[in-house]
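Take a look at the structure set out below.
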Amino acid sequence: MHQIEHFELATNDVVCLRLHAGCLVRVCHGRLWLTRAGHAQDVWLHPGESWMLPATGTIWLSAEPSAQFQLAHVVQPWPGLSQLRQLFSARRRGRTWPDPTVRTHQAKDRLAAI
């Protein structure tokens, strides 16, 4: 799943962004310059062109003279989502969660210990 944000740079000022790996920069209008720390090669993007950030890091952007662009971020699912899916899947199949037989056996074991 991706989250797409739209931006416009109306000046040639340099903007610094911290982005995650896999973020896609796509130019809609104008010309966009970008570079990142530790890399000597600059990137120039024209309308319709895109560039993907290979590793999480900081990039610097500037427009000549202005640019409209998009950032497409990969959205990670919520960590507990898989557990919720299992819970709802079990309920749809008619089972309760957690399994009531586990509680019944635990209660019998406690009574036997007394």
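Rule-based calculations on the coordinates, nothing more; no lab input. Please read all numbers here as calculations on a predicted model, not as lab measurements.
Straightening the chain between W44 and Q70 buys 7.9 nm, computed as 0.36 nm per residue apart minus the Cα-Cα spacing. Taking amide H as placed 1.01 Å from N in the peptide plane, G22 has its amide H under 5 Å from the amide H of L53, A55, each at least 5 places away in sequence or on another chain.
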